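Working notes for the structure below.
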Amino acid sequence: MADVTGKAFPALMRDLVLDKLGMADSSYEQPLPPARAAMTASGNFMRTGKVVHGKWHIYPEMAAAGLWLLPRT
């Protein structure tokens, strides 16, 4: 899709999906920009509670594993 439209995948998904669903705090950006990264929880190991090195895993497969969500209650 990115090749056909000429848009980067995160921007394309924002235009076609996320904005239309009102998901303003969700993103496919990898890695997250500093402003978003500052608002993101880190991964923790269950047994020790220690923070995962690097805070989270960066997935190069944006479509399959790169969606960041902010749940609303």
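The values are calculated or read from the model by the stated rules, or taken from the named source; none is laboratory data. Here the structure is a predicted model, which is why all the values come from computation and not from measurement. FYI the Cβ positions are ideal-geometry reconstructions off the backbone, even for glycines, and counts take in every protein chain you see.
A few comments on the model shown:
- For the residues Pro71, Pro31, the requirement of being at pLDDT below 90 and touching a helix residue (DSSP H, G or I) at 6+ places or on another chain (Cβ under 8 Å) singles out Pro31.
- Residues being under 15 Å from Leu70 (Cα atoms) and not basic (Lys, Arg) - total across the range 1-25: 7
- Near pairs, Cβ below 8 angstrom, 6+ apart or cross-chain, from the range 1-20 (polar (S, T, N, Q)) to any residue that is at pLDDT 95 or above: Thr5/Leu12
- Within the set Arg14, Arg36, Arg47, the sole residue that is at pLDDT below 90 and among the basic types (Lys, Arg) turns out to be Arg36.
- Positions within the range 27-59 being in contact with a strand residue (DSSP E or B) (Cβ under 6 Å, 6 or more places away or on another chain) and either touching a residue at least 40 places away in the same chain (Cβ under 8 Å) or of a type in the set (Asp, Glu) (or both), in sequence order: Ser27
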